[in-house]
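Structure, as structure tokens:
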Amino acid sequence: MKTNKRNPLSRWSVLSMILIPLATHAMDKLPAVGAEISNTSVSGLSSGAFMTTQFLVAHSAIMKGAGIIAGGPYLCAQSWPTSTYLENAMNTCMNPLTKSAGPNIPLLVKKTRQLAAEGKIDPVENLKKDHLYLFSGSSDKTVSMLVMDQTQNFYQSLGVEDILYKNDTNAGHAIITENAKDSTCSATKPPFVNNCGISLAENILNKIYSGLNTSELKPEAKPEAKAVPFDQSEFIKSPYTSMDKTGYVYIPDKCKEKDTRCSIHVVFHGCEQGATVIKDKYYNQTGYNAYADAYNLIMLYPQVHPSTEKPYNPKGCWDFWGYSSPDDPNPDYFTKDSPQVSAVYRMVERLSSKPTDY
């Protein structure tokens with residue numbers, strides 16, 4: 001009788017065919033490239049705009065400026081003590097009926113100064129040197145112009161002088177591009193990326209890193225530039241951040257050279273705009289990467305995903321009312337030590353470290 005002898009390596013061969021492709025898809029670490037941390041900037045839309053303000057104010061010592069698209073002032077959800085943080089966030093900070101029902105700027109400025117005095121955020125005096133670009137679409141009924149007016153008021157109250165506030169574009173609640181394939185300018189609908197014939201990403205970067213003429217910049221734009229994924233989970237220290245395991249980053253080739261020190265621009269998406277919802281629409285198709293090479297900028301795209309359990313964040317928003325500290329009656333979502341702010345800061349620290357530092 002003939003015995004069927006199997007090759008003892010055959011099982012391992014089959015197994016290797018399965019495992020090797022998996023190994024090649026292991027998530028890369030965010031690299032250390034020696035970026036100039038003291039020249040960092042940030043921008044974002046909607047909940048990402050609130051997060052922009054939180055990151056800007058908490059870490060003002062390293063910030064050069066910010067772009068705030070449809071977002072309220074720092075600590076906005078604490079405007080009126082008779083309301084909960086969530087009630088303030090959903091009403092006061094989005095579409096209040098009147099100015100008097102909107103963000104309480106005198107109280108917020110007082111609270112901000114107190115946090116700085118306690119060392120929980122950087123000194124507010126740092127903000128005076130920043131370059132700010134504020135944008136409010138005239139058709140935006142999600143975060144109204146009343147709120148954005150008070151965002152400008154907040155920064156002016158803290159002594160910021162260089163503020164460009166654009167509010168004359170008939171835009172809905174969205175980040176604005178010049179891509180004809182995007183939604184119409186006045187729309188407010190997913191994925192909240194609208195074509196208004198202007199690039200907010202370009203205008204924000206040009207404001208913060210002034211000195212480059214836009215007409216000279218355009219020929220250098222690289223619309224094909226694509227961000228790549230990295231392991232975001234290593235920077236997350238709390239189980240309640242609602243942050244994704246994967247973040248995205250675009251690093252121009254020049255920024256990988258030893259004799260070039262690039263800066264970092266952090267980009268916060270809005271609600272329902274994370275990669276798990278709209279894939280690469282925000283981190284590859286909103287115009288930021290196209291100008292990264294011209295400005296020697298590393299584009300960092302932290303990610304939040306929807307969560308319907310604990311924490312409760314069904315639309316995948318950045319935290320500006322306290323969901324990331326669900327068991328704390330006085331949640332911290334706004335200081336340097338808060339779950340999301342500290343996680344993103346660790347990413348910035350990594351990018352600014354020398355390649356041998358970690």
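Here, each number is a calculation from the coordinates, and none is a lab measurement. Just so it is clear, the structure is predicted and the values come from calculations on it, not from any experiment. Glycine also receives a Cβ, built like all others from the backbone with ideal geometry; neighbour counts cover every protein chain displayed.
General observations
- Simple spin-label estimate for Ser83 and Glu224 in nanometres, 7 Å along Cα-Cβ: 5.0 nm
- Spatial offset of segment 180-196 relative to segment 222-250 amounts to 25 Å, using the alpha carbon center of each.
- Helix-only mean residue ellipticity at 222 nm for the chain, each DSSP H run of n ≥ 4 adding -39500 (n - 2.57), per residue, nearest 500: -7500 deg cm²/dmol
- Neighbour-limited loop hits for GluC sites (Glu not before Pro), segment 233-322 (at most 12 other Cβ within 10 Å; DSSP other than H, G, I, E, B): Glu257, Glu309
- Modelled this way, with points 7 Å down the Cα-to-C-beta line, the labels at Ser233 and Glu257 are 3.7 nm from one another.
- A straight chain from Ser353 to Ser210 at 0.36 nm per residue would run longer than the Cα-Cα distance by 48.9 nm.
- Residue-span extension gain [Asp162 to Thr308] - 0.36 nm each, minus C-alpha spacing: 48.5 nm
- (i) 5, 21, 27, 22, 16, 7, 1, 0; (ii) 5, 25, 34, 22, 7, 3, 2, 1, 0, 0; (iii) 5, 23, 30, 23, 13, 5, 1, with the label sought being that of the calculated P(r) over Cα pairs in 10 Å bins from 0, in percent: (ii)
- Rounded tilt (10° steps) of 10-24 against the dominant C-alpha axis of the chain: 20 degrees
- Most fluctuating residue given options Lys189, Lys336, Lys181, as computed from a GNM of the chain linking Cα atoms under 10 Å: Lys181
- Computed over the chain with a Gaussian network model linking Cα atoms closer than 10 Å, the most mobile of Thr169, Thr188, Thr82 is Thr82.
- Other residues with beta-carbon under 15 Å from the beta-carbon of Asp259 carry, at +1 per Lys or Arg and -1 per Asp or Glu, a net charge of +2.
- For Cys196, Cys93, the sequence from fewest to most other C-beta atoms within 10 Å is Cys196, Cys93.
- Stokes-Einstein translational diffusion, segment 65-220 - Kirkwood Rh over all Cα pairs, 1.002 mPa s, 20 °C, in µm²/s: 129 µm²/s
- Lysines whose Cα lies under 28 Å from that of Lys254, excluding same-chain neighbours fewer than 8 positions away: Lys29, Lys64, Lys129, Lys207, Lys218, Lys222, Lys226, Lys245, Lys279, Lys281, Lys354
- Counted charge near Gln54, where neighbours are those whose Cβ lies closer than 15 Å (Asp, Glu -1; Lys, Arg +1): -2
- Degrees separating the helix 105-117 axis from the principal Cα axis of the chain, which is the longest one: 60 degrees
- Selected from Lys245, Lys258, Lys310 as most flexible by GNM, with the chain as the system and alpha-carbon contacts under 10 Å: Lys258
- 13 Å Cα-Cα reach of Lys237 towards aspartates and glutamates, excluding residues that sit fewer than 8 places from it in its own chain: Asp337
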